[in-house]
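The values are calculated or read from the model by the stated rules, or taken from the named source; none is laboratory data. On a predicted model such as this, the values are computed, not experimentally measured, just so you know. Cβ placement follows ideal geometry from the backbone for every residue including glycine, while neighbour counts extend to all protein chains displayed. In case anyone asks, the SASA skips ligands and DNA or RNA and just uses the protein heavy atoms, side chains included. Shrake-Rupley method; radii C 1.70, N 1.55, O 1.52, S 1.80 Å.
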Amino acid sequence: AAEAAVRAQAEAVRRLKQDKADPDEIAKEVAKLLEMKAQLGGDEGKHKFVLKTPKGTRDYSPKQMAIRERVFDAIVTCFKRHGAEVIDTPVFELKETLTGKYGEDSKLIYDLKDQGGELLSLRYDLTVPFARYLAMNKITNIKRYHIAKVYRRDNPAMTRGRYREFYQCDFDIAGQFDPMIPDAECLKIVHEILSDLQLGDFLIKVNDRRILDGMFAVCGVPDSKFRTICSSVDKLDKMPWEEVRSEMVGEKGLSPEAADRIGEYVQLHGGLDLIERLLQDAKLSQNKLAKEGLGDMKLLFEYLTLFGIAGEISFDLSLARGLDYYTGVIFEAVLLQQENEHVEEPVSVGSVAGGGRYDGLVGMFDPKGRKVPCVGVSIGIERIFSILEQRVEASEEKIRTTETQVLVASAQKKLLEERLKLISELWDAGIKAEVLYKKNPKLLNQLQYCEDTGIPLVAIVGEQELKDGVVKLRVVATREEVNVRRENLVEEIRMRTSR
């Protein structure tokens, strides 16, 4: 009867539309129809769900998470080795906290609706929240790491590890110290992590905002155009010089002469020899900022040599890093890919870490403008993860998604109680153990489960073993079996799984 009423109402609506009745009357009858459908329930009232993740995001399967955990472990181990503490901050900040800190990238900030009188935005990175945290708590000295998700309203290119929601792994040193010692340590950290993860050959490019600004000044770029020209130079790793030049001249109104002068500098890269050469450069050496930056760069390379990593570091005048808050040394690590034997120079496959010095950011938040010098690095976990994931797929390496050390099994029926007693003893002793959720599982099925999931040991309880006070311990890989006294089982499992 209810379905008939719905059909009758639908027919009435159709007739009203046909007769071009008053729109208000049609709307009223449509609302009535929808209400009747909703009450009816069933498929007619049901909403059809689109099963997908939002644009620029993804789910991670247990196998992918196992690879991710390995990467996070390597990174956290390195951060802790260098004496860092860990902090966390909210996933959203007051909108004004983030506004004006990112230059041209600010358009990518995710704004939220007004929530009870507060205008909020999702955090864009972990650096600005860190600076807010320091100013708010009047902290002038800390070495910290922070691993958390950040959000960017970007056009995602997920195959290249570009997302709208992604993790950042940041390490920062805040405090007043002698020049370039903390900066050199940040570069050492990048070197250690990339070496540890065995991603292949890499290069860490370094430059200094003061050298860039000095270069812009001597090339004839007006002060007001420094930041916008800087963001054009930052595209040199993705675009050829000709395109960057035409953007500077055509879109940003820079004179062709100034652009050509910039072109002579930004195509230079090298080591200490290049720094010495630029210190003698007639134009650059006259600029106070550039001279300061080059002096510090020389000092940095001396420390990097002491750390034994100068071979993988390149002083590169095209490196700009588009973010507004950098004030000194800036750096970026790229993975190299040798296309073939005939190519002279290795080809870059994208940035996997970046960072630099930002001495003015904390002062922006401090009511008295007190400055806290900071330098930090962010590891590009998503791109690293994409590379490792592809590598695992290609090698068909079997990835374990659990850490279970032993399966508690039984060889005969009616031993569920004994299995549960034994597994409880193992759990209480800190052993990672599983049991199949069946009263009487077949021994073959239990052993197959271990094969499928990579569990190395099986503890088998049987009637005879219970009488003798032992447990049969089976090594899945070799099928070797030994009887172990029940009181020695925990020790035996620990010994065998620690090898």
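Does any residue of segment 33-53 turn out to be under 21 Å from the mean Cα position of the chain (by Cα) and at pLDDT 90 or above?
Filtering segment 33-53 for residues under 21 Å from the mean Cα position of the chain (by Cα) gives 53.
Pick out the ones that are also at pLDDT 90 or above and you get 53.
Among the residues of segment 33-53, at least one is under 21 Å from the mean Cα position of the chain (by Cα) and at pLDDT 90 or above, which makes the answer yes.
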**Study point:** Some residue of segment 161-173 being at positive phi and without any contact (Cβ under 8 Å) to a residue 24 or more places away in the chain
**Key:** no
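What helices (runs of 4 or more DSSP H), lying completely within segment 254-308, carry at least 2 residues that are touching a Leu at 6+ places or on another chain (Cβ under 9 Å) and within 22 Å of Leu187 (Cα to Cα)? Show your work before the answer.
Details: elements: 256-266, 272-279, 288-306.
Answer list for segment 254-308: 272-279, 288-306.
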Review point. Just one of the numbered conditions (1) touching a Gly at 6+ places or on another chain (Cβ under 8 Å); (2) open to solvent by less than 80 Å² (accessible area, probe 1.4 Å); (3) not assigned by the TED database to the domain that holds Leu98 is not true of Pro373; which one?
Key: (3)
Exercise for review: Would you tally the residues in segment 99-131 being part of a helix (DSSP H, G or I), more than 17 Å from the chain's Cα centre (by Cα) and under 21 Å from Tyr145 (Cβ atoms)?
Suggested key: 1
Practice item. Scan segment 292-314 for residues that are small (Gly, Ala, Ser) and surrounded by 17 or more Cβ atoms within 10 Å (Cβ to Cβ) and report the count. Key: 3
Point to revise | Pick from segment 157-210, criterion open to solvent by 40 Å² or more (accessible area, probe 1.4 Å) and among the aliphatic types (A, V, I, L, M), ranking: farthest from Arg357 (Cα to Cα) | key: Met158
Study note, to complete from the structure: Among Leu407, Leu388, the single one that is over 30 Å from Ile211 (Cα atoms), in a strand (DSSP E or B) and open to solvent by less than 80 Å² (accessible area, probe 1.4 Å) is Leu407
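I need the full set of residues from segment 445-467 which are within 12 Å of Glu418 (Cβ to Cβ) and either buried (at least 18 other Cβ atoms within 10 Å of the Cβ) or touching a Leu at 6+ places or on another chain (Cβ under 6 Å) (or both), in order please.
First, the residues of segment 445-467 that are within 12 Å of Glu418 (Cβ to Cβ): 459-463, 465-467.
Answer for segment 445-467, where residues must be within 12 Å of Glu418 (Cβ to Cβ) and either buried (at least 18 other Cβ atoms within 10 Å of the Cβ) or touching a Leu at 6+ places or on another chain (Cβ under 6 Å) (or both): Ala459, Ile460, Val461, Gly462, Glu465.
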Point to revise | Count - residues of segment 470-499 that are of a type in the set (Asp, Glu) and open to solvent by less than 50 Å² (accessible area, probe 1.4 Å) | key: 1
Review point. What residue, of Ile431, Ile387, Ile455, Ile381, is in contact (Cβ under 8 Å) with a residue 60 or more places away in the chain and not assigned by the TED database to the domain that holds Val352?
Key: Ile431
Exercise for review: Please list, ordered by first then second residue, the pairs with beta carbon atoms under 6 Å, 6 or more apart or interchain, first in segment 194-217 and not assigned by the TED database to the domain that holds Val71, second assigned to a helix (DSSP H, G or I) and of a type in the set (S, T, N, Q).
Suggested key: none
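Taking the stated definitions as given, is Glu242 open to solvent by 10 Å² or more (accessible area, probe 1.4 Å) and closer than 22 Å to Ala353 by Cβ? First the steps, then the outcome.
Details: open to solvent by 10 Å² or more (accessible area, probe 1.4 Å): yes; closer than 22 Å to Ala353 by Cβ: no.
Taking the combined requirement at face value, the residue does not satisfy it.
Return the total of residues in segment 113-125 being in contact with a Lys or Arg (Cβ under 8 Å, 6 or more places away or on another chain) and over 19 Å from Leu361 (Cβ atoms). Even if it seems obvious, please write down each step before you answer.
From segment 113-125, those in contact with a Lys or Arg (Cβ under 8 Å, 6 or more places away or on another chain) are 119-121, 124; that's our starting set.
Filter again for over 19 Å from Leu361 (Cβ atoms), leaving 119-120.
Of the residues in that region, 2 qualify.
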Check your understanding: Conditions: (1) at pLDDT 85 or above; (2) open to solvent by less than 70 Å² (accessible area, probe 1.4 Å). Ser231 meets all but one. Number of the miss?
Key -> (1)
Check your understanding: Yes or no: Gly116 of a type in the set (Gly, Ala, Ser), farther than 23 Å from Glu332 by Cα, open to solvent by 40 Å² or more (accessible area, probe 1.4 Å) and in the same structural domain as Glu292 (by the TED database)?
Key -> yes
Practice item. Please find, within segment 55-84, the residue that is modelled with the lowest pLDDT out of those that are crowded, with 17+ Cβ neighbours inside 10 Å and either of a type in the set (S, T, N, Q) or not in a helix (DSSP H, G or I) (or both). Key: Gly56
